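The values are calculated or read from the model by the stated rules, or taken from the named source; none is laboratory data. From a predicted model like this one, the values you see are computed outputs, not experimental measurements. Counting neighbours? That spans all protein chains shown, and the Cβs are built from the backbone with ideal geometry, glycine included.
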Amino acid sequence: MKNEKNEWKWKTIIEPFKIKMVEPLGFTTREEREKVIEQAYYNMFNIKAEKVLIDFLTDSGTGAMSATQWAGIMMGDESYAGARSFFNFETTVKDITGFDEVIPTHQGRASEKILFTALECKGKYVIANSHFDTTRANVEATGAIAMDFPIKEASQFEKQHPFKGNADVEKMEKFIKEKGEKNIVMCVMTVTNNSWGGQPVSMQNLKDVYEMCSKYKIPVFIDAARFAENAYFIKLREKGYDKTPVKEIAQEMFEYADGAMMSAKKDAIVNIGGFLAMNDKKLSAKCRQYLILTEGFSTYGGLAGRDLEAMAIGLREVLDEKYLHYRIRSAEYLGEGLKRHKIPILNPTGGHGVYVDAKKFLPHIKPQNFPAQALCCELYIVGGIRTVEVGTLMFGKRDAKGNFLPAPMELVRLAMPRRVYTQSHIDYIIEVFGEIAKKKDKIKGLEVVEMSDMLSHFTAKLKIKG
Ligand SMILES: Cc1ncc(COP(=O)(O)O)c(C=O)c1O
């Protein structure tokens, strides 16, 4: 319900759904959690989900499907080739993105692996507003170099800016001129920008990047994991879009790209799935060869027919503006609550959650002792809340002697699963932060016991700094 200014009238966030099926939460005692986290080597990924009360580790694949999606699951066509579910999925992706070649994959990183392998990037560069960590890892696994060009406001956490996910077009162009356009294989625009706070990219920026890259014949692909949240931010914040339906905004976003890759585990509100979409017939043919080699035939791509059906429905449901209002407002509400406890957060709050600035909150912990990871552990111990570190542990770069190089940010990401938690769960999180804030000086840093070379934060073993 909106008032005469077209603003939402009520303070209470109305979840635009009612709950038909419930799952119990993992209640534990503080004593139990202290043991659990020690046994998990202070790594959130090692904690059994049943020992977690509120799981804000990720918004990826953790959403609740609708009754319509579950009905779609029952209607899934499991034919190996040419399944009806594939064509339903293909029609939906074509309708939203406008791209003709649609390739299903089992998740985002499978799309990345296939795309960058097909592009033959070795020794060249992939440029982006910011690569997500799996995107960077897949670019680098091909022997290419991933370069990020976020705007300077992205790292000014206190500053308000409507589109902190934007790319710095001038810097990008300078880099292209320096390295030579032949050495730049692709430009990736991640919407929203997960690594820097789930911040949106404006339509103008998508247009500017596309026009600039087109001049040098560099293809632009949108990493569309959170395309609907990005489109809704454009509606809220960019001049001229307030009356445009979100679906039309999303369609326009894809006009400023040559293709897209998507982890459907986010804005298609499914538990597994992804895709690649493009117009380039030669590139898509090559991608399909790798798809068949690694994922499966081109009309199922590592998924069951029922998954394709659920993805098609989710891609349409996510564009419902009542849902998007609830989602974006929930993140804002969490941010407002944290600010009341003087918790420094990244401003404004993002599309899929809230990012806490642990460097500022815990200045007594050095980056080498992972302040954001220490805060993640405290949130689990005090409140059974699981979150994730985006900082020195995640980026994991080390010098020749093996010492950690501080990451540009030390953030705790509170990522909200879609349609899973209610306003009272958020109130509880705010309360837990209030408790933590009172004794924050007592929180200790961590040290590494064991760590791998690639995407190491998933498996790292840590202990409390002695
Ligand atoms: C922006 C972005 N791109 C790609 C991925 C990778 O997707 P997936 O986890 O489905 O492999 C993610 C996952 O979180 C993401 O946030």
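Here are a few things to note about the model shown:
- Residues that are of a type outside the set (A, V, I, L, M, F, W, C) and within 30 Å of Leu324 (Cβ to Cβ) within the stretch 417-456 comprise Pro417, Arg418, Arg419, Tyr421, Thr422, Gln423, Ser424, His425, Asp427, Tyr428, Glu431, Gly434, listed in sequence order.
- Count of the stretch 225-252 residues which are among the basic types (Lys, Arg) and within 10 Å of Val191 (Cβ to Cβ): 1
- Identity of the residue in the stretch 36-62, in a helix (DSSP H, G or I) and within 16 Å of the ligand (Cβ to nearest atom), that ends up surrounded by the most Cβ atoms within 10 Å (Cβ to Cβ): Met44
- When the stretch 63-78 is filtered for residues that are within 20 Å of Glu15 (Cα to Cα), in contact with an Asp or Glu (Cβ under 9 Å, 6 or more places away or on another chain) and in a helix (DSSP H, G or I), the ones remaining, listed by number, are Thr68, Gln69.
- Pair list, Cβ under 7 Å, 6 or more apart: the stretch 261-280 residue closer than 10 Å to Met311 by Cβ and outside the structural domain of Gly108 (by TED's automatic domain parsing), other residue part of a loop (DSSP other than H, G, I, E, B) and within 8 Å of the ligand (Cβ to nearest atom): none
- Residue in the stretch 296-306 that is buried (at least 24 other Cβ atoms within 10 Å of the Cβ) and within 19 Å of Ile96 (Cα to Cα) present: no
- Flag for Ala225 being in contact with a strand residue (DSSP E or B) (Cβ under 9 Å, 6 or more places away or on another chain) and at pLDDT 95 or above: yes
- From the list Leu362, Leu393, Leu405, the one residue that fits, being under 15 Å from Met44 (Cβ atoms) and within 26 Å of the chain's Cα centre (by Cα), is Leu393.
- The selection criterion, being buried (at least 23 other Cβ atoms within 10 Å of the Cβ), more than 11 Å from the ligand (Cβ to nearest atom) and farther than 28 Å from Gly305 by Cα, does not hold for Ile249.
- Close pairs from the stretch 9-23: first touching a residue at least 60 places away in the same chain (Cβ under 8 Å), partner of a type in the set (Asp, Glu) and in a loop (DSSP other than H, G, I, E, B), Cβ under 8 Å, at least 6 apart: Pro16/Asp320
- Filter result for the condition that a residue is charged (D, E, K, R), assigned to a strand (DSSP E or B), in the same structural domain as Met44 (by TED's automatic domain parsing) and closer than 26 Å to Lys266 by Cα, over Glu389, Glu447: Glu389
- Residues that are of a type in the set (Gly, Ala, Ser) and within 20 Å of the chain's Cα centre (by Cα) within the stretch 220-261 comprise Ala224, Ala225, Ala228, Ala231, Ala250, Ala257, Gly259, Ala260, listed in sequence order.
- Scanning the stretch 102-136 for residues that are more than 10 Å from the ligand (Cβ to nearest atom) and surrounded by fewer than 20 Cβ atoms within 10 Å (Cβ to Cβ) returns Thr117, Glu120, Lys122, Gly123, Lys124.
- Single residue of the stretch 252-263 satisfying the filter (of a type in the set (Gly, Ala, Ser) and touching a Ser or Thr at 6+ places or on another chain (Cβ under 7 Å)) that is nearest to the ligand (Cβ to nearest atom): Ser263
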